[in-house]
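Asks: Sharing a structure, written as C-alpha cells. Questions coming.
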Amino acid sequence: MKHRRGFNPLERMSAHRKALHRNMVTSLFRYERIKTTKAKALAVRRTAEKLITRAKTDSVHNRRIASSRLYDEGVVAKLFTNIGPRMKDRPGGYTRLIKLGERPGDASEIVILELVDYVLKTGEEKDKKTTKVEKKAGKKGGEKE
C-alpha cells in the first residue's frame, strides 16, 4: 500500500534528487519539451506545475521563489513573461506525457514531458520560406535579363 508516501524518492539522496528536479524543470521551461523516463517525468511534473501556477501572477515574491528553485535567470524570465501568461486561463494541467515505449537497455518506460500548448516545429515553415526566397531570386534574375 502507498499510505503516507508523498513523493517518489527515485532511489536518490535528497541533494541529488533536488538537483535532478531543478535541472529537469529548467530544461522543460527552456525547451518546452523533454524526453525522460516515466518515473522522473511524474516526479518533475509536480514541481513544474507548481512553478507555472506561481508564474501566472507576476510579483516579486513569486519571482524570488522561482529563482530559488531554478538558478537560471533567463529561464525564470521566460517563465514569467512567456509561459505564465500563456497558461493564465488554465486552472491546472499545464503538462502532458506522451508514451514512447521502452528503452532497449533496461526496459524502462520512456515518455515525452511537454507543455500543453507546445507546438511541434515541422519542416513546412522552412519550405514556405525557401519558396519565398526562390520567388524573389527568380524575379531578380528576370529583371537582370
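The values are calculated or read from the model by the stated rules, or taken from the named source; none is laboratory data. Note that the structure is a prediction, hence the values are computed from the model and not measured. When we count neighbours, we look across all protein chains shown, and the Cβ atoms used for this are built from the backbone with ideal geometry, even at glycine.
Asks: Of the residues T26, T47, T36, only one is touching a His at 6+ places or on another chain (Cβ under 6 Å), touching a residue at least 12 places away in the same chain (Cβ under 8 Å) and crowded, with 16+ Cβ neighbours inside 10 Å; which? Walk me through it before giving the result.
Replies: Numbers: T26 fails: touching a His at 6+ places or on another chain (Cβ under 6 Å); T36 fails: touching a His at 6+ places or on another chain (Cβ under 6 Å).
Testing whether each residue is touching a His at 6+ places or on another chain (Cβ under 6 Å), touching a residue at least 12 places away in the same chain (Cβ under 8 Å) and crowded, with 16+ Cβ neighbours inside 10 Å leaves just T47.
Asks: Right, K121: at pLDDT 95 or above, under 16 Å from the mean Cα position of the chain (by Cα) and among the charged types (D, E, K, R) or not?
Replies: The answer is no for K121.
Asks: Looking at R30, R5, R17, which one is basic (K, R), in contact with a Pro (Cβ under 8 Å, 6 or more places away or on another chain) and over 15 Å from V111 (Cα atoms)?
Replies: Values: R30 fails: in contact with a Pro (Cβ under 8 Å, 6 or more places away or on another chain); R5 fails: in contact with a Pro (Cβ under 8 Å, 6 or more places away or on another chain).
Among R30, R5, R17, only R17 is basic (K, R), in contact with a Pro (Cβ under 8 Å, 6 or more places away or on another chain) and over 15 Å from V111 (Cα atoms).
Asks: I'd like the residue in the range 33-54 that is out of contact with any strand residue (DSSP E or B) (no Cβ under 9 Å at 6 or more places or on another chain) and among the charged types (D, E, K, R) and, out of all such residues, is farthest from S108 (Cα to Cα). It would help to see each step written out before you state the result.
Replies: Kept after step one, since they are out of contact with any strand residue (DSSP E or B) (no Cβ under 9 Å at 6 or more places or on another chain), are these residues of the range 33-54: 43, 46-47, 50-51, 53-54.
Restricting the remaining residues to those that are among the charged types (D, E, K, R) gives 46, 50, 54.
Numbers: R46: 20, K50: 26, R54: 32 Å.
Ranking the candidates gives R54 first.
Asks: Let me ask something additional. For the range 82-96, indicate whether the set of residues that are in a loop (DSSP other than H, G, I, E, B), in contact with a strand residue (DSSP E or B) (Cβ under 8 Å, 6 or more places away or on another chain) and closer than 19 Å to A41 by Cα is non-empty.
Replies: Within the range 82-96 (the criterion being in a loop (DSSP other than H, G, I, E, B), in contact with a strand residue (DSSP E or B) (Cβ under 8 Å, 6 or more places away or on another chain) and closer than 19 Å to A41 by Cα), the answer is yes, since at least one residue qualifies.
Asks: Then there's this: If you take the residues in the range 56-100 that are in contact with a Ser or Thr (Cβ under 6 Å, 6 or more places away or on another chain) and buried (at least 18 other Cβ atoms within 10 Å of the Cβ), which one is farthest from K35 (Cα to Cα)? Spell out how you get there, then give the answer.
Replies: Residues of the range 56-100 that are in contact with a Ser or Thr (Cβ under 6 Å, 6 or more places away or on another chain), as a first pass: 70, 72, 75-76.
Next cut, buried (at least 18 other Cβ atoms within 10 Å of the Cβ) only: 70, 75-76.
Values: L70: 19, V75: 18, V76: 21 Å.
Taking the candidates together, the pick is V76.
Asks: Can you pull out the residues in the range 36-61 that are of a type outside the set (A, V, I, L, M, F, W, C) and more than 20 Å from G93 (Cβ to Cβ)?
Replies: Result: T37, D58, S59, H61.
Asks: What's the number of the only condition in (1) closer than 22 Å to I98 by Cβ; (2) within 19 Å of the chain's Cα centre (by Cα) that S68 fails to meet?
Replies: (1)
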